[in-house]
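What follows draws every value from the coordinates through simple rules; no lab data is involved. Because the structure is predicted, anything quoted here is derived from the model rather than measured. Positions of Cβ are generated from backbone atoms using ideal geometry, with glycine treated the same way; all protein chains shown enter the neighbour counts.
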Amino acid sequence: MGILIELFLIFAKIGLFTFGGGYAMISLIENNCVEKKKWITHDEMMNITVIAESTPGPIAINCATYVGYKKAGIIGAIISTLGIVLPSFAVIYLISMFLDNFLEITLIANAFRGIKIAVGFLILDAAITMIKKMPKKILPKTFMICSFVTMLIINIFSLDFSSIVLMLIAGVISLVIFMVKGTPKTDGGMKK
């Protein structure tokens, strides 16, 4: 029961105090679940992030669900998901009930401008942390650079190209490389 309460409180704190959506939450999820609690490893966090990005639903909710499932099974997944969702839902619900023109209040509008900058730094922090801990192999770095350049070109020239198609292309290329090269082995013959 203690782990369920802890899962709920950790993810409720992340859900309550993080603005900017899932990408801004990745840094906080990693800080709490990898560095402080050691519930998952950094490699698991990177894998969760990639899988959560390519599956339906917000990335932070998918990450919370995975961590909860790993620590306490199905009930842990449900508790973690509720923890990350309920605070945001409650705040938005209260705002919608009492303030019709919430963002027209000068103080609130100015606060949200500052929050946008902080969100950008949280996302940048998560990206830099993941890049630093990325395996020092040519293939992952090549994929990262090619994806970054492709998305940059798409955004600069305002091309109508779905990021989902880009992810599918990367997935097909990875699958072909995996089929050609085979499964990588580590010490003890375990798969990486």
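Among residues other than S147 whose Cβ falls under 13 Å from its Cβ, what is the net charge (Lys/Arg +1, Asp/Glu -1)? Kindly include the intermediate steps, with their values, before the conclusion.
Working: positive: K141; negative: E53.
With Lys, Arg at +1 and Asp, Glu at -1, the neighbours total 0.
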Let me understand the chain better: what is its radius of gyration from the alpha carbons, and its Dmax, in angstrom?
19.2, 62
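Evaluate the charge dipole of the chain about its Cα centre and quote only its size in Debye, nearest 20, assuming +1 on the Cβ of each Lys and Arg and -1 on the Cβ of each Asp and Glu. Present the calculation step by step, with values, prior to reporting the outcome.
Details: 17 positive and 11 negative charges, 175 e Å.
Roughly 840 debye for the chain.
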Highest-fluctuation residue, M46, M179, M134 considered, GNM on the chain with Cα pairs under 10 Å
M179
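Between I173 and D43, 0.36 nm times their residue separation minus their Cα-Cα distance comes to what?
Details: separation 130, 0.36 × 130 = 46.80 nm, distance 2.15 nm.
This chain segment gains 44.7 nm when fully extended.
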Which entries of K70/K137; K71/K136; K37/K132; K71/K181 show an alpha-carbon separation above 32 angstrom in the structure shown?
K71/K181
Could you give the nm distance between label points at V50 and I153, where each point is 7 Å from its Cα heading toward the beta carbon?
2.3
So for the pair L124, Y69, with labels modelled 7 Å out along Cα→Cβ, what separation do we get in nm?
3.4
If you average the sequence gap of Cα pairs under 8 Å that are 6 or more apart and divide by the length of the chain, what percent do you get for the contact order?
22
Report ³J(HN,Hα) in whole Hz for each residue of the stretch 32-38, in order, from the Karplus equation J = 6.51 cos²θ - 1.76 cosθ + 1.60 where θ = phi - 60°; Gly and Pro get x.
6, 8, 9, 7, 7, 8, 6
Pick from I14, I145, I115: which residue has the top mean-square fluctuation in a GNM of the chain where Cα pairs under 10 Å get a spring?
I145
In a Gaussian network model of the chain with springs linking alpha carbons closer than 10 Å, the residue among G68, G171, G76 that fluctuates most is G171
The stretch 1-104: C-alpha pair distances exceeding 21 Å, %
32
Using helices alone, I'd like the mean residue ellipticity at 222 nm for the chain: each DSSP H run of four-plus residues gives -39500 (n - 2.57), total over residue count, nearest 500.
-25500 deg cm²/dmol
